[in-house]
1. So, of the residues in the stretch B:220-245 that are surrounded by fewer than 24 Cβ atoms within 10 Å (Cβ to Cβ) and in contact with an Asp or Glu (Cβ under 7 Å, 6 or more places away or on another chain), which turns out to be farthest from the other protein chains (Cβ to nearest Cβ)?
2. Only one residue in A:170, A:187 is in contact with a Gly (Cβ under 6 Å, 6 or more places away or on another chain) and acidic (Asp, Glu), so which one is that?
3. Going by the conditions given, is residue A:159 at pLDDT below 85, on the phi < 0 side of the Ramachandran plot, in the same structural domain as residue A:220 (by TED's automatic domain parsing) and surrounded by 20 or more Cβ atoms within 10 Å (Cβ to Cβ)?
4. Is it the case that residue A:37 is out of contact with any His (no Cβ under 7 Å at 6 or more places or on another chain), more than 18 Å from residue A:262 (Cα to Cα) and not acidic (Asp, Glu)?
5. Residues that are aromatic (Phe, Trp, Tyr): which helices (runs of 4 or more DSSP H) entirely in the stretch A:54-128 hold 3 or more of them?
6. Could you list all residues from the stretch A:105-118 that are closer than 16 Å to residue A:173 by Cβ and more than 9 Å from chain B (Cβ to nearest Cβ)?
Amino acid sequence: MDENSSARLKRRLTGIVYRIGLFLAMLTICLPGLWIVLSSLRPTVEIMAKPPVWIPQEISFDAYVAMFSGIGKGGIPVIEYFRNSLIISVTSTIIAVAIGMAGGYAFARYRFRGKSSVFLGLMLTRTVPGIALSLPLFFLYVRLGIIDTHFGLILAYVALNVPFTIWLIDGFFRQVPKDLAEAAQIDGCTRWQAFWQVEFPLAGPGIASAAIFAFLTCWNEFALASQLTRSVSAKTLPVGLLDYTAEFTIDWRGMCALAVVMIIPALTLTYIVQKHLVGGLTSGAVKG
Amino acid sequence: MKGFKPSPPFLLLLPAVIVLAAVVVVPLLLSLYSSFTPFRLTRPETFFVFIGFRNYLSILSNTDFWWAFGRTVLLLTIALNLEMLLGLGLAMLVEKATRGQRILRTLMMFPMMFSPILVGFQFKFMFNDNIGLVNNALQSLGLTQDAIPWLIESHLAFIAISIAEIWSSTAIFAILILAGLLAMPKEPIEAARVDGCTPWQTFRYVTWPFVMPFAYIAMTIRSLDVARAYDIVKIMTDGGPAGRTELLWTLVARTAYSDGRMGMANAMAYFSILLSIAFTVYFFNKLAAARTQIGAEW
């Protein structure tokens, strides 16, 4: 009887410890983000207050209003940056996914000589650190006259994304049974038709995730963008964030507000793809 | 459909190869060439002066460079190991949860959505010695009276950067290891328990070998962009105080764009490229090995 109750106590204790651990872990993960959101809504006086004000006294959207009301009112050209980011990210995503689909299909469906070394070779191009790549690109772009243009950045981002989209899309095509396309071909489809009517729809959600992942990479990229763009006509949001830092002071509230604006699309999109993303990356982890 | 046709995989891979050759390989060859010249942005004619290995030789005797190199390796070692451990812990915590697993999983991915530059700003804000959350909390709790100079003292700055780095990338490990845990068949664990294994033994000899390939996938993905740390460091300390948190990548950027010494910067960049490639190849091989091991056992 005694042993029973002590075992029960022990189990309850582990349960409590487990809950506390989980709670602390989640708190650590979420707190920085929540703090940014909160700071973007508070007046600067409160952010700067000493001793700190923990409970916000007033909540206002002034930072957001100021941000979108243009350069004249002490804001930064967020709308232009947003537009640049959007144009560059969407275009390069579309191209990277198209190329990635071709490449991923090749890896998933064909056997050819040196397959794994080609795969590794493609991946290795991705390992080149952005800043190291930016040196020759900067030089070349100046020569070609495509520095500080959408086109230049799109080109760089396509190359940045292709290896990873190939990896992901390869994984998704592998999950589609080969027999389906073969059955369609027996029924009279060409390989091309079999691809578009059978395999593509089945791998569709996965490809969409790859697209979103590529989009986010472009959306968040900083090292290349900071060197290859100079002016309002091509700067993206991550680079624009630097506009809030002056020589010695930083407009923390404005920056937090811009951070929130940047994170919202990323948040929504990641939420949509989370399930597929993991599936694509890990397919073949267990069955090579 | 008849006559000579190049093989389909060749055609399918062609666009990828062309793009990567144009944007990555050719520029890299160019930068390899310019690493053998004293090229300066301000003096274009120096691009055609060939000086052999002089840039590399002067790097070898450059203590700043070796400090940055050592610091980069140290940061990566600390960060990757801790990310792995914390990711494993987090994944196991979430896997145990009976309710609300979907929400927990979403929360867990939260840091993945932050671009590295945002992570940098966010932690710069939190570690600010005057108005930062960390110091405010420590002072309000009465743990310390002084403002701790997180980003100003060199060791503390390194710690702050590591924390930012770990915060942002643990999620990748956690999510992939969790996928492994969820995909794992339950029978072997039960069998191990029936056979009298302790929980530790069950973990060590049953769960871990199964999850390992997933951890290596995470490692490979991480090693594909270890240079994310550039954004974080650039924002948080910009290599300061007095170059004490300078990493390889910030040093390359400074040499190239602030000092304008492109030739030298390209030579340094090659070290950082080789470092990244070494990481990736290493984990890629580990991944392949882990896969075959699993294939044999299950």
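1. Residue satisfying both the conditions and the ranking: B:243.
2. A:170
3. no
4. no
5. A:78-109
6. A:108
Conditions (1) under 25 Å from residue B:274 (Cβ atoms); (2) within 14 Å of chain A (Cβ to nearest Cβ), marked per residue:
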| position | (1), (2) |
| --- | --- |
| B:29 | yes, yes |
| B:38 | yes, no |
| B:64 | yes, no |
| B:97 | no, yes |
| B:125 | no, yes |
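This table checks each residue for (1) closer than 30 Å to residue B:241 by Cα; (2) of a type in the set (Gly, Ala, Ser); (3) not in a helix (DSSP H, G or I).
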position: B:11; (1), (2), (3): no, no, no
position: B:28; (1), (2), (3): no, no, no
position: B:45; (1), (2), (3): no, no, no
position: B:68; (1), (2), (3): yes, yes, no
position: B:84; (1), (2), (3): yes, no, no
position: B:89; (1), (2), (3): no, yes, no
position: B:105; (1), (2), (3): no, no, no
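The values are calculated or read from the model by the stated rules, or taken from the named source; none is laboratory data. All figures in this text were calculated on a predicted structure; none of them were measured in a lab. We place every Cβ from the backbone using ideal geometry, glycine too, and count neighbours over all the protein chains shown.
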